[in-house]
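What follows is a short report on a single structure.
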Amino acid sequence: MSRPILIVDDEAAIRRLLIAVLRRGGHGVLEASTGREALQALQQRPIAAIVDLRLPDLDGMELIPRLAAADIPVLVLSAELDTAEKVAALDLGAEDYLTKPFDGDELLARLRVLLRRAGPAAGGATSHGPLAIDTAHHRATLDGAPIALTPREFALLAALVAGGGRVLTHAALLEQVWGPAHRDDLDYLRVAIRALRRKIEPEPARPRLILNEPGIGYRLADR
Amino acid sequence: MPLPRLPLLDLVLALAAAGLILAAGSTGLMGLGLTATALLLTLPVLWAASRSNATIGAGVALAISVAFNFFLLPPRHSFRIDGATHVVTFLVFLAVALVAGGFAAGLRARQDEADRRAEGSQLENDFLSEIALATSRADLDARALAFLQQRFGDARLFSQAELETQTSGLAPLDAAAAAWAIAHDAVTGHASEVMPGADFRFLSFGRGSADVLALATTRPLPPDTTLLQRIAGHWGHARDHLDTLAERQRRQEAEARDRTRRALLAALGHDFRTPLTVLKEGLARLPGAADSGLPGEVERLRRLGENLLASARLDAGLPLALEPVDLVDTIAEVRGFVEQQAGSIVLDVQLPETLPLVRAEPVMLIHLLGNVVENALRHARSRVSLAATHDAQHVDLRIADDGPGVPETQAEAIFEPFVSGADGSARRATSGSGLGLAIARDLALAMGAELTLARDGGADGAEFRLRLPIAPERDDPP
């Protein structure tokens with residue numbers, strides 16, 4: 001029996017919806033309507049958690065680091081128009097987020113990414129879909145064919161591939177590829193992504209591999 | 001308080017005392033000898049010098065020496081001096097009187113200086129304690145002015161604006177001195193180095209202050225010129241401090257207000273999006289729902305709700321976080337949600353390869369462009385096209401349809417809420433709420449962009465132009 005997925009949401013309707021979607025995806029489910037219940041449910045060793053940031057007792061933002069500390073990957077459900085809260089949740093250790101209204105199939109796809117990263121083969125993935133990274137030889141390939149990249153583009157693509165379909169915030173990518181002093185230099189990232197897309201997207205004006213998360217960051221399309 | 005002294009009275013007293021001593025010495029009363037009398041005579045000299053200054057002391061010393069010679073030194077009642085001994089007596093007496101008088105006067109001067117300083121620092125301390133009580137800038141100015149008025153009679157504040165508009169009521173020279181004090185952070189006016197002929201003394205509050213302190217000179221100002229400068233300086237610092245506090249409080253209040261508004265909007269968004277999620281997912285599982293047109297209706301509901309939320313967010317006056325945005329991403333997102341309603345209408349996107357980044361709030365920009373494209377799709381016959389051009393400052397995104405177009409008379413009205421379509425009436429049949437373009441224009445304004453109906457496009461239908469500011473792109477560091 002696989003370990004269950006913990007749902008933390010105070011709305012019974014959303015919990016029912018999530019239970020139906022997760023069962024369809026073949027997952028076991030644990031339910032919590034408050035932050036306290038969520039912390040109690042940790043004893044039953046859930047494999048991942050889906051958390052609504054608005055909880056009656058505990059701020060969802062407080063719950064995230066505690067779940068992350070217990071090695072439980074967190075998918076945040078957000079009804080926010082503002083992107084700041086999502087970025088803050090990701091910074092606190094959430095693995096990914098989904099904005100309401102979301103699609104059941106999309107939720108399952110995001111969970112797959114989350115669980116793959118949490119699984120034994122996780123950590124520094126070197127391939128994602130048609131993309132493969134050979135760090136030792138500084139080589140990147142698209143469908144087996146080598147791509148000519150600048151060192152910066154290579155570092156950026158490697159970071160995205162290592163993210164394995166998970167959203168990576170602008171600040172995280174900038175810090176990793178350009179260094180901590182460039183956390184806010186979003187124009188560097190935008191320009192580099194555009195260059196990268198011209199090299200790997202079949203139709204750069206309609207990106208399908210490197211997806212933009214408005215105001216938050218980038219992710220690779222699920223394979 | 002040692003001042004004011006009456007040197008005349010002191011002089012009279014000293015000379016009277018000298019007269020008595022001389023009378024006693026000359027009549028041999030109390031058996032005073034010549035030497036004892038001379039010694040006694042130094043006392044009035046010391047007295048006069050210590051009560052006045054060195055000049056008066058010296059004058060008294062000379063007068064008494066002459067009287068001593070006239071009345072006591074033989075031959076008496078003449079200015080002649082007989083015998084070397086008496087010459088020496090006279091000279092010694094004169095020297096002692098002058099030197100002692102000088103010392104006494106010096107001590108006096110030092111004592112006076114110390115008193116003045118003590119008085120000055122007392123004034124400064126009193127002023128500091130008074131202004132420390134101030135709770136606001138206005139309170140501070142009122143307290144400081146009252147304090148100075150009590151000490152110096154007339155103290156006033158003039159602002160640069162008053163001086164520039166000549167509404168200060170000051171004489172031209174005084175107004176010029178006041179303006180100079182502000183401009184050069186200096187002391188000007190009465191008895192200063194700049195325009196000393198003015199009636200008032202003007203003191204700056206420090207660099208950057210737009211006000212000046214004016215002290216009338218009907219009562220004497222303290223002779224210590226730096227004292228007044230220090231007082232004006234303290235006042236200026238206190239003003240800056242209170243300004244900083246007030247500014248911090250204003251900012252904190254604004255932040256608290258924004259937080260409350262954000263929380264309300266978040267709650268609103270949550271309350272709207274949560275049931276919509278349930279509805280959407282439930283519908284997706286309903287057999288036959290896909291062909292019922294219901295998913296399209298739910299999508300329309302979502303767009304309407306998002307528009308209302310965006311509108312509420314704009315109304316709340318919350319600042320938008322602008323960032324560099326690639327229009328490729330924006331257009332990809334918009335395509336994602338309009339494709340369903342496009343149906344058979346072709347959405348043709350023509351972007352140049354090298355389109356600069358624009359400066360916008362990325363989520364709001366998707367919203368804005370979504371509204372304009374949806375409007376175009378509603379009115380198009382077969383095609384909606386997106387094209388972009390740019391100059392050094394702007395990217396112009398043109399959204400054109402091949403529909404009936406917008407008559408000249410409606411060119412502005414279509415951006416008003418609840419106006420839609422060629423006849424300007426709300427047309428529910430074609431599903432336009434009439435809010436889309438109005439909110440799109442508000443969003444554009446809030447982001448420093450411009451949404452207009454293009455008249456020069458040459459398209460058959462309507463053409464909108466969205467003009468967005470370019471975001472600077474820097475060279476990537478190695």
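The table for this structure:
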item	result
So B:P74, is it assigned by TED's automatic domain parsing to the domain that holds B:A105 and not in a helix (DSSP H, G or I)	yes
Residue among B:D329, B:D315 that is out of contact with any Leu (no Cβ under 6 Å at 6 or more places or on another chain), of a type in the set (D, E, K, R) and in contact (Cβ under 8 Å) with a residue 12 or more places away in the chain	B:D329
Unmet requirement for A:I200, which otherwise passes all of (1) aliphatic (A, V, I, L, M); (2) over 19 Å from the mean Cα position of the chain (by Cα); (3) surrounded by 16 or more Cβ atoms within 10 Å (Cβ to Cβ); (4) over 20 Å from A:I147 (Cβ atoms)	(4)
Filter result (under 30 Å from B:P75 (Cβ atoms) and either under 22 Å from the mean Cα position of the chain (by Cα) or among the small types (G, A, S) (or both)) within the stretch B:90-147	B:A95, B:A97, B:A100, B:G101
Within the stretch A:179-208, tally of residues that are more than 8 Å from every other protein chain (Cβ to nearest Cβ) and outside any helix (DSSP H, G or I)	7
Tally, over the stretch B:137-159, of residues that are in contact (Cβ under 8 Å) with a residue 24 or more places away in the chain and of a type in the set (A, V, I, L, M)	5
Qualifying residue in the stretch B:42-58 (condition: surrounded by 13 or more Cβ atoms within 10 Å (Cβ to Cβ), not in a helix (DSSP H, G or I) and not basic (K, R))	yes
Qualifying position, being closer than 25 Å to A:L209 by Cα, at pLDDT below 95, more than 12 Å from chain A (Cβ to nearest Cβ) and crowded, with 20+ Cβ neighbours inside 10 Å, among B:V338, B:V346, B:V384, B:V363	B:V338
Among (1) more than 18 Å from B:T226 (Cα to Cα); (2) not assigned by TED's automatic domain parsing to the domain that holds B:L221 - the single one B:A198 does not satisfy	(2)
Every residue from the stretch B:143-163 that is among the hydrophobic types (A, V, I, L, M, F, W, C), over 18 Å from B:H234 (Cβ atoms) and in contact with a strand residue (DSSP E or B) (Cβ under 7 Å, 6 or more places away or on another chain)	B:F158
The listed residue being touching a Gly at 6+ places or on another chain (Cβ under 6 Å), assigned by TED's automatic domain parsing to the domain that holds B:R116 and closer than 30 Å to B:A118 by Cβ, out of B:A54, B:A14	B:A54
The one condition in (1) in contact (Cβ under 8 Å) with a residue 60 or more places away in the chain; (2) assigned to a helix (DSSP H, G or I); (3) closer than 21 Å to A:G93 by Cβ that A:L17 fails to fulfil	(3)
Single match in B:G236, B:G269 (criterion: within 30 Å of B:D185 (Cα to Cα), of a type outside the set (F, W, Y) and surrounded by 15 or more Cβ atoms within 10 Å (Cβ to Cβ))	B:G236
Exclusive hit being out of contact with any Cys (no Cβ under 8 Å at 6 or more places or on another chain) and in contact (Cβ under 8 Å) with a residue 24 or more places away in the chain, set B:A210, B:A186	B:A210
Wholly within the stretch A:109-166, strands (runs of 3 or more DSSP E) carrying at least 2 residues that are at pLDDT 90 or above and surrounded by 15 or more Cβ atoms within 10 Å (Cβ to Cβ)	A:131-134, A:139-142
Positions within the stretch A:40-65 being in a loop (DSSP other than H, G, I, E, B) and under 14 Å from A:P4 (Cα atoms), in sequence order	A:R45, A:P46, A:I47
Residues (part of a helix (DSSP H, G or I) and buried (at least 16 other Cβ atoms within 10 Å of the Cβ)) located in the stretch B:210-228	B:L227, B:L228
Breaking point among (1) under 41 Å from the mean Cα position of the chain (by Cα); (2) buried (at least 19 other Cβ atoms within 10 Å of the Cβ), for B:L308	(2)
The listed residue being surrounded by 15 or more Cβ atoms within 10 Å (Cβ to Cβ), more than 9 Å from every other protein chain (Cβ to nearest Cβ) and either of a type in the set (S, T, Y) or over 15 Å from B:E374 (Cβ atoms) (or both), out of B:P324, B:P319, B:P352, B:P295	B:P295
For B:T85: the one exception among (1) among the polar types (S, T, N, Q); (2) surrounded by 14 or more Cβ atoms within 10 Å (Cβ to Cβ); (3) modelled with pLDDT under 80	(2)
Meets criteria (touching a residue at least 40 places away in the same chain (Cβ under 8 Å), in the same structural domain as B:D326 (by TED's automatic domain parsing), touching a Phe, Trp or Tyr at 6+ places or on another chain (Cβ under 9 Å) and surrounded by 23 or more Cβ atoms within 10 Å (Cβ to Cβ)) for B:N371	no
Matching residues, the stretch A:38-65, being among the charged types (D, E, K, R), surrounded by fewer than 17 Cβ atoms within 10 Å (Cβ to Cβ) and on the phi < 0 side of the Ramachandran plot	A:D57, A:D59, A:E62
Contacts under 9 angstrom Cβ, first residue in the stretch A:26-51 being touching a residue at least 12 places away in the same chain (Cβ under 8 Å) and outside the structural domain of A:L98 (by TED's automatic domain parsing), partner assigned to a loop (DSSP other than H, G, I, E, B) and among the basic types (K, R), 6 or more apart	none
Filtered residues of the stretch A:184-194 (kept if touching a residue at least 12 places away in the same chain (Cβ under 8 Å) and buried (at least 16 other Cβ atoms within 10 Å of the Cβ))	A:L186, A:Y188, A:L189, A:A192, A:I193
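Condition check ((1) under 20 Å from A:P202 (Cα atoms); (2) among the polar types (S, T, N, Q); (3) touching a helix residue (DSSP H, G or I) at 6+ places or on another chain (Cβ under 9 Å); (4) within 14 Å of chain B (Cβ to nearest Cβ)) across all residues:
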residue	(1), (2), (3), (4)
A:G93	no, no, yes, no
A:R112	no, no, no, no
A:R139	yes, no, yes, no
A:P146	yes, no, no, no
A:R152	no, no, yes, yes
A:A159	no, no, yes, no
A:L168	no, no, yes, no
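The values are calculated or read from the model by the stated rules, or taken from the named source; none is laboratory data. It should be emphasised that the depicted structure is a prediction, and the values quoted were computed from it without experimental measurement. Cβ sites come from the backbone with ideal geometry, for glycine too, and all protein chains shown count toward neighbours.
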